[in-house]
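Chemist: Questions regarding the structure given below will be posed in turn.
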Amino acid sequence: MTNRMIRALGLMSGTSLDGVDAAIIETDGLRIAGFGRSAYAGYSDNEAQVLHEALGRWPGEPGVAEAAELSVAAHAGLAAQFPEAEVLGYHGQTLAHDPAGGRTHQAGDGAALAHRLDRPVVWDFRSEDVRQGGEGAPLAPFFHWACAVWAMGQGRLPEAPVAFLNLGGVGNITFVDPRAQAPEAEGACLAFDTGPANAPVNDLMRKRLRRERDEGGALALAGRVDEAVIADFLSHPYFARVPPKSLDRDAFTALSQAVEGLSDADAAATLTEAAAAAAGAGMLWMPEPPERVLVCGGGRHNRAMMAALARRIAAEVVPVEEAGLDGDMLEAQAFGWLAVRVLQGLPTSGPGTTGVAAPVSGGRISYPRRSGPMPSSASREQIPGRAG
Ligand SMILES: Nc1ncnc2c1ncn2[C@@H]1O[C@H](COP(=O)(O)OP(=O)(O)OP(=O)(O)O)[C@@H](O)[C@H]1O
Ligand SMILES: CC(=O)N[C@H]1[C@@H]2OC[C@@H](O2)[C@@H](O)[C@@H]1O[C@H](C)C(=O)O
């Protein structure tokens, strides 16, 4: 069956809590026909504060309703700049993630966003996967497969397995075989969270220096790595766990505590090295050595982190831009692509990405109350998911 190409807007606010990314992608839910405009809206200090205070909390707990409302308002403001989008993929703000306990929490009501924007919104991407026994994360891996296929088609990547390493607040890696016919095909994707990436460095900068991040990795470059802290960090049982596996943002509080006695520069150097060491440890789980490691997410702007990765990973480590992709917008694009997959009833995760027993079609679709024509060739009744 061939589906028509749909212009989707993906909206992502990640674990770094720095702002919202929005990006247009044109897709039938399998192939990428093209990428479109993108934009970013940073959170104000007050907004970031509201989100930080709600971290680790579940629906109904203090501060969560405020964070959810803030998320809808911030996303609505940015999405309004994209009238060309036929459908929106709204990730929401992850406040807590406990797949072992059977729950994950992305704050923000997609139905309210659909109403405000008068367009269909696909949201709540992770719950169904967790309900079916999966990790609920990472979800970008199927999109990484689509990106590799696209880049191969553009002559930007060889016909060989590659890895995508995303360095956000948390890090995640996807081994991708672009020769597979579909992302859910056996052997097409193996993915998992590598460990903390920028979140511990950001928290350090915020706490000690009232800065948002270590710009360019300058502070880390001026410091010395405490190897004992790194060795202790790598002895954490998470690294020995067989993937797929995923992490809560604040799962590694012991790492932040371990650098408390170090100078600012040494602490930054050590936390930055830890992010790379976690990614290096993750390479041991690759089914075969990838031809190269394509780095996306904000961490690739950190020179200390990139230098540490080059030391700790045997394969060539390059920014994803080398494959013609936009490393700052990849996750936003992923949720646009996933939104179209949900409309088409295609799976959004599988055994190799979240550890579910069989591929899962996650996501919920909400239509504006006064619904217009469908963005898909299918009729409303044929569309899977639970209308909100
Ligand atoms: N110029 C820069 N120098 C240093 N670090 C940077 C720079 N730009 C971005 N970063 C780091 O990257 C982070 C943002 O990365 P990104 O937008 O990929 O994360 P996210 O989408 O919030 O997280 P996640 O992927 O975990 O959901 C910033 O908080 C900062 O730590
Ligand atoms: C529960 C949750 O929101 N996890 C995020 C987080 O940030 C990075 C990593 O941890 C990844 O597992 C995931 O995000 C990306 C977009 C993903 O699902 O692929």
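Chemist: Which one is surrounded by the fewest Cβ atoms within 10 Å (Cβ to Cβ) among residues in segment 101-134 that are assigned to a helix (DSSP H, G or I) and over 20 Å from the mean Cα position of the chain (by Cα)?
Modeler: Selected residue: Gly101.
Chemist: Please state which of the following conditions His97 fails to meet, knowing it meets all the rest: (1) of a type outside the set (Val, Ile, Thr); (2) out of contact with any Pro (no Cβ under 8 Å at 6 or more places or on another chain); (3) more than 22 Å from Ile173 (Cα to Cα).
Modeler: With respect to (1) of a type outside the set (Val, Ile, Thr); (2) out of contact with any Pro (no Cβ under 8 Å at 6 or more places or on another chain); (3) more than 22 Å from Ile173 (Cα to Cα), His97 is out only on (3).
Chemist: Can you tell me which condition Ala334 does not meet? The list is (1) more than 13 Å from ligand 1 (Cβ to nearest atom); (2) part of a helix (DSSP H, G or I); (3) over 30 Å from Ala231 (Cα atoms), and all the others hold.
Modeler: Looking at each condition in turn, Ala334 falls short on (1).
Chemist: Name the pairs whose Cβ atoms lie under 8 Å apart, with the first residue in segment 168-183 and closer than 17 Å to Pro158 by Cβ and free of Cβ contacts under 8 Å to residues at least 24 places away in the same chain, the second of a type in the set (D, E, K, R) and within 16 Å of ligand 1 (Cβ to nearest atom), and 6 or more positions between them or separate chains?
Modeler: No pair meets every condition.
Chemist: Additional query: So is Gly155 more than 14 Å from ligand 2 (Cβ to nearest atom) and closer than 18 Å to Gly350 by Cα or not?
Modeler: Answer is no for this residue.
Chemist: If you scan segment 165-179, which residues turn out to be more than 8 Å from ligand 1 (Cβ to nearest atom) and either assigned to a strand (DSSP E or B) or within 12 Å of Leu139 (Cα to Cα) (or both)?
Modeler: Leu165, Ile173, Thr174, Phe175, Val176
Chemist: Can you report the number of residues in segment 81-100 which are touching a residue at least 40 places away in the same chain (Cβ under 8 Å) and assigned to a helix (DSSP H, G or I)?
Modeler: Within segment 81-100, residues that are touching a residue at least 40 places away in the same chain (Cβ under 8 Å) and assigned to a helix (DSSP H, G or I) number 1.
Chemist: For segment 221-260, what are the residues that are of a type in the set (S, T, N, Q) and either more than 29 Å from Gly352 (Cβ to Cβ) or in the same structural domain as Gly134 (by TED's automatic domain parsing) (or both)?
Modeler: Answer for segment 221-260, where residues must be of a type in the set (S, T, N, Q) and either more than 29 Å from Gly352 (Cβ to Cβ) or in the same structural domain as Gly134 (by TED's automatic domain parsing) (or both): Thr253, Ser256, Gln257.
Chemist: Residues that are at pLDDT 95 or above, away from ligand 2 (no atom under 16 Å from the Cβ) and surrounded by fewer than 24 Cβ atoms within 10 Å (Cβ to Cβ): which helices (runs of 4 or more DSSP H) entirely in segment 184-282 hold 1 or more of them?
Modeler: Fully inside segment 184-282 and qualifying: 218-221, 227-234, 253-258, 264-282.
Chemist: Test Arg311 against the criterion of being surrounded by fewer than 16 Cβ atoms within 10 Å (Cβ to Cβ) and at pLDDT below 95, and give yes or no.
Modeler: no
Chemist: Another one. Just the residues that are at pLDDT 95 or above, within 20 Å of the chain's Cα centre (by Cα) and either surrounded by fewer than 21 Cβ atoms within 10 Å (Cβ to Cβ) or under 17 Å from Asp328 (Cβ atoms) (or both), please, taken from segment 151-169.
Modeler: Passing the criteria: Ala151, Phe164, Leu165, Asn166, Leu167.
The values are calculated or read from the model by the stated rules, or taken from the named source; none is laboratory data. Fair warning: this is a prediction, and the values are worked out from it, not measured in the lab. In this analysis, Cβ positions are derived from the backbone assuming ideal geometry, glycine residues included, and neighbour counts consider all displayed protein chains.
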